[in-house]
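A.B. asks: Pasting a structure below so you can have a look.
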Amino acid sequence: MPKILKLFLIAITFISIPHFVLADELLQEKEFFVDPSYDLQGREKTVAFLQRITDQLYFYIDKDWWNSLNLDNQKEVNAALSDLTREFENTIYPTLTQNYGSEWKLGIDGDARITILVHPMIEKASGYFNPADEYLRAQVAKSNQREMVYLNAENITNSLNKSFLAHEFTHLITFNQKDKTYGISEDVWLNEARAEYAPTLVGYDSLYQGSYLQKRVTGFLENPQDSITEWQGKIQDYGALNLFTQYLVDHYGKQILIDSLKSNKTGISSIDYALGKNGFKDDFSQIFTNWTIAVFSNDCKLGSKYCYLNENLKTLKITPFIYYLPVTGESTLSVGYLTKEWTGNWQKVIGGKESLKLEFTGSADTIFKVPYIVENTNGKSVNFLQLNSSQKGTIYITDEKIISLTIIPSVQKKISDFGDKETPYQFFWSATTENSAGNSELIQQLQETIKQLEAQIASLQAQIAALLGQSVGCQSFNNDLYYGMTNNLEVRCLQQFLKDQGSDIYSGGLVTGNFLSLTQTAVIRFQEKYASEILNPLNLEKGTGYFGSLSRQKANTLLHK
């Protein structure tokens with residue numbers, strides 16, 4: 001449900017005298033500006049008629065859309081609008097204004113009523129709020145000069161439309177509480193967080209099945225590794241932010257959202273202010289870290305802060321990335337990854353009996369927090385990895401009963417000025433097992449057999465690719481490449497590049513498009529050959545096999561020599 005939260009590039013001063021207009025009349029037609037990025041036809045304007053008036057609302061309906069409906073559909077829309085009007089006046093408006101505060105009254109138009117414009121939008125949009133409407137047209141050319149929100153006509157009979165309206169109305173309140181009162185604009189992510197919690201606040205998520213909350217849980221579980229502060233208006237943005245906000249209110253109360261809104265601070269600083277005002281010692285960083293643990297374990301027995309209290313979220317758990325180590329013999333697993341500020345990452349290692357060593361290295365120019373959970377036959381325990389100034393740390397586990405180790409690293413440095421494209425940061429970890437149990441000679445033979453089979457498969461695939469006439473040529477590497485990728489043209493490009501570096505780098509020389517152990521070994525050799533440019537800046541001594549930004553940079557330099 002994307003929202004318009006634009007930053008104006010000119011300084012706008014509020015005019016204290018409202019722009020008074022005559023009250024609208026039933027069935028009158030009016031031309032409105034709409035956002036072309038959301039409008040189904042990409043229009044900048046539409047003509048709508050006033051279908052309904054109450055003491056608090058004007059309901060305008062897109063004229064062309066209404067005329068496209070048959071009589072039965074029009075009756076259905078009328079019934080939906082009647083229900084929505086009652087919900088707004090009896091539940092949404094009183095609940096949200098009593099908690100978050102009022103919208104601007106009498107507002108830019110001198111009219112106490114709020115305008116709701118229903119027009120057809122693209123499928124992903126349920127509605128939006130445009131702060132430009134809160135200014136005179138002399139200040140913002142495409143202002144509709146009234147307190148208003150927009151709803152998608154295609155969803156107007158959807159049972160979730162009341163939740164959509166509660167969400168959008170919260171943005172209207174936020175404008176008054178922040179922009180109008182203090183002359184500051186709320187961080188987009190926190191503006192959305194309060195709006196995301198609005199359906200729960202008014203009671204619409206009490207019945208979970210088919211609720212707004214269920215919709216957000218589904219979006220979150222599809223891709224939980226999403227930043228809550230980088231805002232692109234995607235489904236995963238709403239999912240992660242909603243679930244974080246649910247946790248925040250669960251453990252610290254709705255007053256945190258309220259007091260942060262009614263303060264002269266914004267974003268993370270306003271949350272920390274509200275926490276202190278309400279007597280809590282935890283800050284935003286600690287709460288976010290605890291939340292990343294809670295959505296993985298969701299077990300109050302593990303710790304009072306490591307679970308949801310909301311009954312509808314008691315069973316919520318994300319699925320981590322899982323890596324396997326042999327339970328006998330010696331082995332090493334290396335993983336490289338990219339992440340952004342305030343993003344949860346869940347990496348689980350299974351195996352490695354008796355002795356497990358995990359080394360973590362994060363980008364040295366930021367701050368990582370790395371809680372980890374050890375599971376053995378007796379249960380689970382939460383610990384926190386201590387990192388040095390270079391963002392390095394090591395975990396040693398000696399436990400013959402160990403089942404798994406899960407690390408949950410996150411970057412937590414930036415606290416303001418978030419945009420829609422935040423800087424990614426790298427982190428690496430390697431897990432090493434040292435185990436005297438088992439037949440190490442047999443294990444080594446099996447590993448050699450696996451490598452031989454991989455080579456045979458790769459050779460056959462290369463022959464097939466040649467028969468199909470697929471060519472390999474590359475000008476540059478623009479994406480990270482890593483173990484496990486298959487049938488990938490950019491991997492084929494990488495393999496050709498490694499082959500061109502000589503047999504001491506890529507002895508197999510196979511160009512298949514499958515990033516398996518032979519390719520990973522070649523990447524490690526390449527990284528270690530140019531360690532001063534690839535590994536040293538990351539404080540690494542050994543190659544990782546992950547073809548990331550520094551590896552790509554060096555490879556691109558060699559390509560264009």
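The values are calculated or read from the model by the stated rules, or taken from the named source; none is laboratory data. Since the model is a prediction, treat every value here as computed from it, not as a measurement. Positions of Cβ are generated from backbone atoms using ideal geometry, with glycine treated the same way; all protein chains shown enter the neighbour counts.
A.B. asks: I'm told Thr377 meets every condition in (1) in contact (Cβ under 8 Å) with a residue 40 or more places away in the chain; (2) hydroxyl-bearing (Ser, Thr, Tyr); (3) over 19 Å from Lys340 (Cα atoms) except one. Can you identify the failing condition by its number?
C.D. replies: With (1) in contact (Cβ under 8 Å) with a residue 40 or more places away in the chain; (2) hydroxyl-bearing (Ser, Thr, Tyr); (3) over 19 Å from Lys340 (Cα atoms) applied to Thr377, the lone miss is (1).
A.B. asks: Pick out the one residue from Glu44, Glu31, Glu103 that is modelled with pLDDT of 95 or more, charged (D, E, K, R) and within 30 Å of Gln255 (Cβ to Cβ).
C.D. replies: Numbers: Glu44 fails: within 30 Å of Gln255 (Cβ to Cβ); Glu31 fails: within 30 Å of Gln255 (Cβ to Cβ).
After ruling out the rest, the residue left standing is Glu103.
A.B. asks: Failed condition for Arg194, given (1) assigned by TED's automatic domain parsing to the domain that holds Phe49; (2) touching a residue at least 60 places away in the same chain (Cβ under 8 Å); (3) of a type in the set (Lys, Arg), with all others met?
C.D. replies: The number of the failed condition is (1).
A.B. asks: What tally of residues in region 316-359 results from selecting those that are within 21 Å of the chain's Cα centre (by Cα), of a type in the set (Val, Ile, Thr) and either part of a loop (DSSP other than H, G, I, E, B) or crowded, with 18+ Cβ neighbours inside 10 Å (or both)? Even if it seems obvious, please write down each step before you answer.
C.D. replies: Pass one, region 316-359, residues within 21 Å of the chain's Cα centre (by Cα): 316-322, 336-348.
When the remaining residues are screened for being of a type in the set (Val, Ile, Thr), the result is 318-319, 322, 339, 343.
Still in the list and also either part of a loop (DSSP other than H, G, I, E, B) or crowded, with 18+ Cβ neighbours inside 10 Å (or both): 318-319, 339, 343.
Count: 4.
A.B. asks: Could you please find all residues in region 506-523 being buried (at least 18 other Cβ atoms within 10 Å of the Cβ) and assigned to a helix (DSSP H, G or I)?
C.D. replies: Once the filter is applied, which keeps residues that are buried (at least 18 other Cβ atoms within 10 Å of the Cβ) and assigned to a helix (DSSP H, G or I), region 506-523 yields Leu518, Thr519, Gln520, Thr521, Ala522, Val523.
A.B. asks: Can you name every residue in region 542-561 that is outside any helix (DSSP H, G or I), at pLDDT 85 or above and of a type outside the set (Ser, Thr, Tyr)?
C.D. replies: Lys542, Gly543, Gly545, Phe547, Gly548 - these are the residues of region 542-561 that are outside any helix (DSSP H, G or I), at pLDDT 85 or above and of a type outside the set (Ser, Thr, Tyr).
A.B. asks: Which of the residues that make up region 141-160 are in a loop (DSSP other than H, G, I, E, B) and more than 14 Å from Asp109 (Cβ to Cβ)? Show your work before the answer.
C.D. replies: Initially, region 141-160 is screened for residues in a loop (DSSP other than H, G, I, E, B), giving 141-147, 156-160.
Ala141, Lys142, Ile156, Thr157, Asn158, Ser159, Leu160 - these are the residues of region 141-160 that are in a loop (DSSP other than H, G, I, E, B) and more than 14 Å from Asp109 (Cβ to Cβ).
A.B. asks: In addition: I'm trying to understand the selection: among the residues of region 59-81, which are in a loop (DSSP other than H, G, I, E, B) and not hydroxyl-bearing (Ser, Thr, Tyr)? Please lay out each step first, then the result.
C.D. replies: Applying the first criterion (in a loop (DSSP other than H, G, I, E, B)) to region 59-81 yields 68-70.
Result: Leu69, Asn70.
A.B. asks: Provide a single number: the residues in region 292-315 that are crowded, with 20+ Cβ neighbours inside 10 Å and either among the basic types (Lys, Arg) or touching a Cys at 6+ places or on another chain (Cβ under 6 Å) (or both).
C.D. replies: 2
A.B. asks: Just to verify a result, which residue in region 187-214, among those that are aliphatic (A, V, I, L, M) and in contact with a His (Cβ under 7 Å, 6 or more places away or on another chain), is farthest from Lys234 (Cα to Cα)?
C.D. replies: Going through region 187-214, the residues aliphatic (A, V, I, L, M) turn out to be 188, 190, 193, 195, 198, 201-202, 207, 213.
In the following step, the residues that additionally are in contact with a His (Cβ under 7 Å, 6 or more places away or on another chain) were identified as 195, 198.
Values: Ala195: 15, Ala198: 19 Å.
Only one residue tops the list, namely Ala198.
A.B. asks: Something else: Among the numbered conditions (1) farther than 21 Å from Thr200 by Cα; (2) surrounded by 23 or more Cβ atoms within 10 Å (Cβ to Cβ); (3) not small (Gly, Ala, Ser), tell me where Thr174 comes up short.
C.D. replies: The single condition Thr174 does not satisfy is (1).
A.B. asks: What residue, among those in region 380-409 that are in contact with a Lys or Arg (Cβ under 8 Å, 6 or more places away or on another chain) and not aliphatic (A, V, I, L, M), is farthest from Phe321 (Cα to Cα)?
C.D. replies: Among residues in region 380-409 that are in contact with a Lys or Arg (Cβ under 8 Å, 6 or more places away or on another chain) and not aliphatic (A, V, I, L, M), the one farthest from Phe321 (Cα to Cα) is Glu400.
A.B. asks: Something else: Being over 24 Å from Leu333 (Cβ atoms), under 34 Å from the mean Cα position of the chain (by Cα), surrounded by fewer than 21 Cβ atoms within 10 Å (Cβ to Cβ) and not aliphatic (A, V, I, L, M) is true for just one of Ser532, Ser549, Ser476, Ser503. Which residue is that? If you could, list the steps in order and put the result at the bottom.
C.D. replies: Values: Ser532 fails: under 34 Å from the mean Cα position of the chain (by Cα); Ser549 fails: over 24 Å from Leu333 (Cβ atoms); Ser503 fails: under 34 Å from the mean Cα position of the chain (by Cα).
Every option except Ser476 fails the conditions.
A.B. asks: Among the residues of region 82-108, count how many are surrounded by 20 or more Cβ atoms within 10 Å (Cβ to Cβ) and either of a type in the set (Val, Ile, Thr) or not in a loop (DSSP other than H, G, I, E, B) (or both).
C.D. replies: The qualifying residues number 7.
A.B. asks: While we're looking at this one, here's another question. Give the residue that is modelled with the lowest pLDDT, with candidates limited to residues of region 122-176 that are β-branched (Val, Ile, Thr) and under 24 Å from the mean Cα position of the chain (by Cα).
C.D. replies: Pass one, region 122-176, residues β-branched (Val, Ile, Thr): 122, 140, 149, 156-157, 170, 173-174.
Retained after the next criterion (residues that are under 24 Å from the mean Cα position of the chain (by Cα)): 122, 170, 174.
Numbers: Ile122: 95, Thr170: 98, Thr174: 98.
Top of the filtered list is Ile122.
A.B. asks: So which pairs qualify, if the first residue must be in region 142-162 and assigned by TED's automatic domain parsing to the domain that holds Asn67, the second must be in a strand (DSSP E or B) and of a type in the set (Gly, Ala, Ser), the Cβ gap must be under 6 Å, and the two must be at least 6 apart or on different chains?
C.D. replies: Tyr150/Gly127; Leu151/Gly127; Asn152/Gly127
A.B. asks: Checking the condition among the hydroxyl-bearing types (Ser, Thr, Tyr) and either surrounded by fewer than 20 Cβ atoms within 10 Å (Cβ to Cβ) or more than 29 Å from Lys317 (Cβ to Cβ) (or both), which residue from Thr289, Thr266 passes?
C.D. replies: On the way: Thr289 fails: either surrounded by fewer than 20 Cβ atoms within 10 Å (Cβ to Cβ) or more than 29 Å from Lys317 (Cβ to Cβ) (or both).
Selected residue: Thr266, the only one of Thr289, Thr266 that is among the hydroxyl-bearing types (Ser, Thr, Tyr) and either surrounded by fewer than 20 Cβ atoms within 10 Å (Cβ to Cβ) or more than 29 Å from Lys317 (Cβ to Cβ) (or both).
A.B. asks: Next up: Which pairs have Cβ atoms under 8 Å, sit 6 or more apart or on different chains, and link a residue in region 525-547 that is at positive phi to one that is at pLDDT 90 or above and surrounded by 21 or more Cβ atoms within 10 Å (Cβ to Cβ)?
C.D. replies: Here the result reads Asn539/Thr361; Gly545/Gly336; Gly545/Val523; Gly545/Gln527, each pair linking region 525-547 to a residue that is at pLDDT 90 or above and surrounded by 21 or more Cβ atoms within 10 Å (Cβ to Cβ).
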